[in-house]
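The block underneath contains the structure these notes are about, expressed in structure tokens.
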Amino acid sequence: MAVKRENRNKVYAYIYKQGKTSRQEIAVNLGMSMPTVLQYTKELIEEGQIQEIGAYESTGGRKAKSLSICPKVRTAVGLDLTKKHVSILLIDLLGNIIDHKRERKLFEKTSEYFGQLRLMVDDIISQNGISSEQILGIGVSVPGNVEEAQGKICNLHMLGLAELDFTEISHVMQYPCIFMNDANAAAVELKRQYKGNAVYLSLSDTVGGAVFIENRLYEGDNFRSAEIGHMRLVPEGRLCYCGKRGCVDPYCSALVLKNCVNADLETFFSCLEKKEEKCMKVWDEYLNDLALVIHNLRFFMDCNIILGGYVGSYLEPYLTEIRKRVVKLGHFEISAEYIQTCSYKMEASALGAALQHIDVYLKNM
């Protein structure tokens with residue numbers, strides 16, 4: 001039975017990876033007999049895990065039926081909690097976003113707040129006609145260090161907390177919860193885009209990061225790796241929310257740009273395009289600080305630097321200028337093509353957290 005289950009999982013995994021395939025291709029590429037492949041695909045179709053979606057062009061003889069997975073047979077929810085808003089999304093097995101919303105909601109460590117999160121989850125599920133049986137679980141992204149062994153989230157200064165127990169949220173939800181640091185969650189999508197080593201720099205209302213070594217997330221001995229926002233940038237400089245001075249965060253977070261216009265990032269970049277003097281001055285200073293951070297990360301890690309977060313979603317048009325400023329700071333390189341922006345622009349933390357449930361499902365399918 002164990003061998004049968006393993007082989008059936010291989011068939012499902014092959015179909016999942018290929019996107020579309022045939023029974024003949026499965027048999028050839030997995031080294032299985034056609035009767036065995038027919039048996040497993042029949043079971044998977046009856047369970048609603050895979051489906052026939054048409055036929056390949058005939059090269060003579062009977063046309064082979066195309067197979068693909070049923071992406072909505074299981075779904076997952078992603079929640080990104082910040083100080084001032086909550087982002088929520090629903091994804092299918094392929095990581096496609098079925099629906100997403102962002103709602104302004106001040107964080108509170110109260111049963112009322114956690115109850116509102118439960119209502120948001122129930123609403124997005126019901127509005128999309130998804131049954132509770134289809135939900136694998138909820139991935140929760142938070143701006144703090146997630147210590148799984150202790151079952152708590154620490155250093156939640158941005159939320160006004162020292163720590164938060166997992167149970168304070170998970171007990172309210174009717175689905176299994178997986179908790180992740182927000183930058184680590186946002187960086188999960190990198191595993192699909194990049195192979196090898198990379199540093200992800202998250203430029204949101206707080207600055208964070210993640211390190212991938214040989215395409216695996218490095219979390220550190222104490223789950224504190226890539227706390228880039230609290231690296232010292234300017235000795236005795238601006239006050240950071242952590243209580244120290246001169247950290248990267250008060251120089252490179254999205255709040256620097258938002259506070260310039262007392263509005264959101266969209267407003268800031270709109271004013272920047274109009275060449276408003278105040279915004280241009282703040283942007284020039286911001287780029288200088290950001291270039292120095294990238295320069296230091298490159299010297300330390302010698303790998304690709306991926307820019308993401310709220311600000312990262314706006315940086316594509318400014319990438320050439322950022323690269324120029326970083327090159328001026330260096331000694332060994334005449335270009336900075338290693339600086340890139342992430343491909344997924346919005347709600348990356350909620351997406352990455354939700355994908356954890358998909359990964360678990362596929363491993364145990």
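Among the residues of region 40-52, is any open to solvent by 90 Å² or more (accessible area, probe 1.4 Å), of a type outside the set (Phe, Trp, Tyr) and at pLDDT below 90? No. Put simply, of Val172, Val140 the only residue that is in a loop (DSSP other than H, G, I, E, B), at pLDDT 90 or above and among the β-branched types (Val, Ile, Thr) is Val172. The set of residues from region 133-178 being open to solvent by less than 30 Å² (accessible area, probe 1.4 Å), in contact with a Lys or Arg (Cβ under 9 Å, 6 or more places away or on another chain) and over 24 Å from Leu106 (Cβ atoms) comprises just one member, Ile135.
Going through (1) of a type in the set (Asp, Glu); (2) open to solvent by 20 Å² or more (accessible area, probe 1.4 Å); (3) under 15 Å from the mean Cα position of the chain (by Cα) one by one, Asp92 falls short only on (2). For region 59-80, the criterion of being outside any helix (DSSP H, G or I), touching a strand residue (DSSP E or B) at 6+ places or on another chain (Cβ under 7 Å), crowded, with 20+ Cβ neighbours inside 10 Å and without any contact (Cβ under 8 Å) to a residue 40 or more places away in the chain is satisfied by no residue at all. Evaluation of Gln116 against the conditions (1) part of a strand (DSSP E or B); (2) at pLDDT 95 or above shows that the sole unmet condition is (1). Is at least one residue of region 197-217 among the aromatic types (Phe, Trp, Tyr), in contact with a helix residue (DSSP H, G or I) (Cβ under 8 Å, 6 or more places away or on another chain), without any contact (Cβ under 8 Å) to a residue 60 or more places away in the chain and surrounded by 18 or more Cβ atoms within 10 Å (Cβ to Cβ)? Scanning region 197-217 turns up at least one residue that is among the aromatic types (Phe, Trp, Tyr), in contact with a helix residue (DSSP H, G or I) (Cβ under 8 Å, 6 or more places away or on another chain), without any contact (Cβ under 8 Å) to a residue 60 or more places away in the chain and surrounded by 18 or more Cβ atoms within 10 Å (Cβ to Cβ). Does Asp221 qualify as being assigned to a loop (DSSP other than H, G, I, E, B), farther than 24 Å from His85 by Cβ, of a type in the set (Asp, Glu) and open to solvent by 10 Å² or more (accessible area, probe 1.4 Å)? So Asp221 fits the description; yes.
Applying a threshold of 9 Å to beta carbon distances and a minimum spacing of six or more residues, or different chains, the list of pairs starting in region 271-285 at a residue that is at pLDDT 95 or above and ending at one that is surrounded by 11 or more Cβ atoms within 10 Å (Cβ to Cβ) and part of a loop (DSSP other than H, G, I, E, B) reads Cys271/Ala263.
The residue list Met280, Met301 contains one member that is open to solvent by 50 Å² or more (accessible area, probe 1.4 Å) and within 23 Å of Val188 (Cβ to Cβ), which is Met301.
For region 312-365, filtering for residues that are among the β-branched types (Val, Ile, Thr) and open to solvent by less than 70 Å² (accessible area, probe 1.4 Å) leaves 6.
Of all residue pairs spaced 6 or more apart or on separate chains, those with beta-carbon atoms under 7 Å, a first member in region 28-43 that is among the small types (Gly, Ala, Ser) and a second member that is surrounded by 15 or more Cβ atoms within 10 Å (Cβ to Cβ) are Ser33/Ala27. Counting only helices (runs of 4 or more DSSP H) wholly contained in region 235-351, the ones carrying 3 or more residues that are out of contact with any helix residue (DSSP H, G or I) (no Cβ under 7 Å at 6 or more places or on another chain) occupy 265-273, 277-301, 319-329.
The values are calculated or read from the model by the stated rules, or taken from the named source; none is laboratory data. Because the structure is predicted, anything quoted here is derived from the model rather than measured. Glycine also receives a Cβ, built like all others from the backbone with ideal geometry; neighbour counts cover every protein chain displayed. These area figures cover heavy atoms from the full protein model, side chains too; ligands, DNA and RNA do not enter into them. Shrake-Rupley method; radii C 1.70, N 1.55, O 1.52, S 1.80 Å.
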